[in-house]
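Participant: To start, I am sharing the structure in question, which I have written as structure tokens.
The values are calculated or read from the model by the stated rules, or taken from the named source; none is laboratory data. Keep in mind it's a predicted model, so treat the numbers as computed, not measured. For neighbour counting, all protein chains shown are included, and Cβ atoms are generated from backbone atoms with ideal geometry for every residue, glycine included. Accessible surface is based on the protein model in full, side chains and every heavy atom, while ligands, DNA and RNA are left aside. Shrake-Rupley method; radii C 1.70, N 1.55, O 1.52, S 1.80 Å.
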Amino acid sequence: MRRRLTLAVGVAISLTFTTTLPSAAFVPTKTIIGKNDKGSRWKVVADTPSVPKSRTTTQPKGAAEVVSTSSSRATSPPPPPLTDEQRAHIAARVGSCVGAKVASGAAVSDCFGSAPAADVVPAAQVARPRVTAASVRQEAVDQITLTKPDLQASPCLADAGSCRGTVGVPVWLWVGDGDGGLPSESASATAGRFSIQATAKVSKVKWSLGDGQSTVCSGAGTKYDEDAHGWSAPECGFENGWKKPGTYTLTATYVWDISWSGDQTGSATQSMSSTRQVTVGELQSVVSRN
């Protein structure tokens, strides 16, 4: 006959065995068998229920089988410390157990699920700014260089170091070499899920003589050629020039039209200016008698 015996050592530890006994054998319940050298009592408790197969360890035939060993004083191990990833989740407020056991510095199992890489901030690292359509637009526009006009004028041809004009003389104005178009430039930027294409071009050139007169030219203007143009009216400029002598600030201004398209659309205008100082004299007529 197979019987299960539980051997209790003191109050903390017990051992359970399964063994084969003769059918006539009698083992009284809670019979005290003896004491160990430390005075602890040993008990043998007879029981008849069968032992669960899942907890039985196979032993040689006829030998006692140890089923389980337990201690009533056993305690669960302390929880592990927080990992860097878990601390990052807490800092980013990600997960269903945000803040759990933070005060004690212990982690709670199964509290922190996976999170997108962009939401997880590694320990001791500053979070990157959030990508927006506006930030991508600015990145595209910042790649474009808005230049000032290379101001040129007929009063400045004779001496590169100074500009000298004459009252009533036509003033021819142009930018650069006078035979090209107005500048334009484009750039693009992509970040996150946003993509922006930016374009900038000069739509016109504003001119001011500095004496209150101004004009607007749609092109770069034409370089003055004394032999070819003489006192003719300029394509871009002032036919009658300055009205009186003095020192004036000649100003050329590019009007840049900036636009962007893609995940955001819009436009803006930016002005860039260049200046030259012009000293204007007056022709004197001399009357003489022969």
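Participant: Kindly indicate the residue of the stretch 142-163 that is of a type in the set (A, V, I, L, M) and surrounded by 20 or more Cβ atoms within 10 Å (Cβ to Cβ) and also nearest to THR275 (Cα to Cα) among those meeting that condition. Please lay out each step first, then the result.
Facilitator: First, the residues of the stretch 142-163 that are of a type in the set (A, V, I, L, M): 144, 146, 151, 153, 157-158, 160.
Pick out the ones that are also surrounded by 20 or more Cβ atoms within 10 Å (Cβ to Cβ) and you get 151, 153.
On the way: LEU151: 7, ALA153: 11 Å.
Going through the qualifying residues, I end up with LEU151.
Participant: Out of the stretch 127-141, which residues are open to solvent by less than 80 Å² (accessible area, probe 1.4 Å), of a type outside the set (A, V, I, L, M, F, W, C) and outside any helix (DSSP H, G or I)?
Facilitator: THR132
Participant: Same structure, new question: Going by what's in this entry, would VAL286 be described as open to solvent by 100 Å² or more (accessible area, probe 1.4 Å) and either at pLDDT below 95 or not aromatic (Phe, Trp, Tyr) (or both)? Walk me through how you get there before you give the answer.
Facilitator: Numbers: open to solvent by 100 Å² or more (accessible area, probe 1.4 Å): yes; either at pLDDT below 95 or not aromatic (Phe, Trp, Tyr) (or both): yes.
Answer is yes for this residue.
Participant: Can ALA268 be described as open to solvent by less than 60 Å² (accessible area, probe 1.4 Å) and under 53 Å from the mean Cα position of the chain (by Cα)?
Facilitator: On the way: open to solvent by less than 60 Å² (accessible area, probe 1.4 Å): yes; under 53 Å from the mean Cα position of the chain (by Cα): yes.
For ALA268, the condition - open to solvent by less than 60 Å² (accessible area, probe 1.4 Å) and under 53 Å from the mean Cα position of the chain (by Cα) - is met.
Participant: Can you tell me which residue is least open to solvent (accessible area, probe 1.4 Å) among those in the stretch 224-234 that are closer than 12 Å to SER154 by Cβ and charged (D, E, K, R)?
Facilitator: ASP225
Participant: Count, please, the residues in the stretch 223-248 that happen to be part of a loop (DSSP other than H, G, I, E, B) and free of Cβ contacts under 8 Å to residues at least 12 places away in the same chain. So that I can check it myself, show each step before the final result.
Facilitator: Narrowing the stretch 223-248 to residues part of a loop (DSSP other than H, G, I, E, B): 223-225, 230-236, 239-245.
After this cut, where a residue has to be free of Cβ contacts under 8 Å to residues at least 12 places away in the same chain as well, the list is 225, 230.
Qualifying residue count for the region: 2.
Participant: Conditions first: (1) open to solvent by 30 Å² or more (accessible area, probe 1.4 Å); (2) modelled with pLDDT of 95 or more; (3) not hydrophobic (A, V, I, L, M, F, W, C). GLY246 passes all but one, so which condition is the exception?
Facilitator: Among (1) open to solvent by 30 Å² or more (accessible area, probe 1.4 Å); (2) modelled with pLDDT of 95 or more; (3) not hydrophobic (A, V, I, L, M, F, W, C), GLY246 violates only (1).
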